[in-house]
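Trainee: Quick one: the structure is below, questions incoming.
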Amino acid sequence: MQERHPDIAMLRHKLSHFSETVPEDEYDALAAVFGPPVFVERGESFVVQNSRPTRCSLLLSGFAGRSVLLRGGDEQTTAIHVAGDFVDLHALLLNSLDHRIVALTPCQIATANRRSLEQLIAAYPKLSRALWFLTVVDAAVHRRWLTVLGRRSALGRCAHLVCEMHARLDDVGLVDNGRFRLPLSQARIGDMLALSAVHINRVIQDLRSSGLLTWERGTVTILDFDGLAAVGEFEPSYLQISPRPRVDAGHGRRSVLTAIA
């Protein structure tokens, strides 16, 4: 039976933001190094902290978190990954990983052998630079999160997170008129933003009462993107996503992604 390769359309779209055009045959070669999709249950680590990486993982659906486990059992989430993210591409250059990748929701992933990826990168320079572009953007997101956690209020942190998730999910076609799924517990959101679950609950209530969004049963609807972006001081250039017009739910105004372009 012929092995089924995964659909890498979302990854291809992310790579399309790179300034150079990657030829079709290089995309075909990239798809060919992945094994068939596999499912990961919520709470399961599919990249293990302190492990020696032999494979790299592409997130096909769901949400995953990069986190660091401390000796006492405490955990800090340092990044969130969405469909189309190559969650541990940097592992190609590391002898061991100082973090884990855990499924925050049920996920579907595909993995590629490290040696196969190394051979692919050596054979296809344009694809190599495009994949490097992804790791550079990943680093930019880390820097922004560090700044947000250190210099934003609780309300600003939450507003920024929602705006970033909107931008990243919309980029891969997972936003419908300002509405998208973010099925994470308030405790998990609090862990990401260094806030307690009780504090996160109050912050979300404040954003709701301000008419900026609704957040019910894991679905977020942004009612006023410009207003929410102002609260979070969200400026999306660090994501390196080509802006395009959209209409906010409820108000009919252009989103900040278009307005600042």
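The values are calculated or read from the model by the stated rules, or taken from the named source; none is laboratory data. What you see is a predicted model, and the numbers here were worked out from it, not measured in a lab. Here Cβ is always computed from backbone atoms with ideal geometry, including for glycine, and neighbour counts include all displayed protein chains. For the accessible areas, the whole protein counts, side chains as well, though only heavy atoms, and no ligand, DNA or RNA atoms are used. Shrake-Rupley method; radii C 1.70, N 1.55, O 1.52, S 1.80 Å.
Trainee: Can you pull out the residues in region 174-223 that are open to solvent by 50 Å² or more (accessible area, probe 1.4 Å) and either of a type in the set (Asp, Glu) or assigned by TED's automatic domain parsing to the domain that holds residue 61 (or both)?
Mentor: Listed by number, the residues that qualify are 176, 206, 216.
Trainee: Do you know which residues across region 39-52 are open to solvent by less than 90 Å² (accessible area, probe 1.4 Å) and either outside the structural domain of residue 97 (by TED's automatic domain parsing) or at pLDDT 95 or above (or both)?
Mentor: Once the filter is applied, which keeps residues that are open to solvent by less than 90 Å² (accessible area, probe 1.4 Å) and either outside the structural domain of residue 97 (by TED's automatic domain parsing) or at pLDDT 95 or above (or both), region 39-52 yields only 40.
Trainee: Can you tell me which residue is nearest to residue 46 (Cα to Cα) among those in region 121-132 that are under 19 Å from the mean Cα position of the chain (by Cα) and surrounded by 15 or more Cβ atoms within 10 Å (Cβ to Cβ)?
Mentor: 131
Trainee: Residue 118 passes all but one of (1) among the acidic types (Asp, Glu); (2) in contact with a strand residue (DSSP E or B) (Cβ under 8 Å, 6 or more places away or on another chain); (3) surrounded by fewer than 17 Cβ atoms within 10 Å (Cβ to Cβ); which number fails?
Mentor: Checking residue 118 against (1) among the acidic types (Asp, Glu); (2) in contact with a strand residue (DSSP E or B) (Cβ under 8 Å, 6 or more places away or on another chain); (3) surrounded by fewer than 17 Cβ atoms within 10 Å (Cβ to Cβ), the one that fails is (2).
Trainee: Considering only region 69-104, state which residues are in a loop (DSSP other than H, G, I, E, B) and surrounded by 17 or more Cβ atoms within 10 Å (Cβ to Cβ). Quick ask: steps written out before the conclusion?
Mentor: Here is the first cut: in region 69-104, the residues in a loop (DSSP other than H, G, I, E, B) are 70-74, 82-85, 87-88, 94-99, 104.
Passing the criteria: 82, 83, 84, 85, 87, 88, 97, 99, 104.
Trainee: So, one more: How about region 224-240: which of its residues are open to solvent by less than 70 Å² (accessible area, probe 1.4 Å), touching a residue at least 60 places away in the same chain (Cβ under 8 Å) and touching a Gly at 6+ places or on another chain (Cβ under 8 Å)?
Mentor: The answer is 225, 231, 232.
Trainee: Turning to a different aspect of this structure: Quick one: which residue in 138, 170 is crowded, with 18+ Cβ neighbours inside 10 Å and at pLDDT below 95?
Mentor: Exactly one of 138, 170 is crowded, with 18+ Cβ neighbours inside 10 Å and at pLDDT below 95, namely 138.
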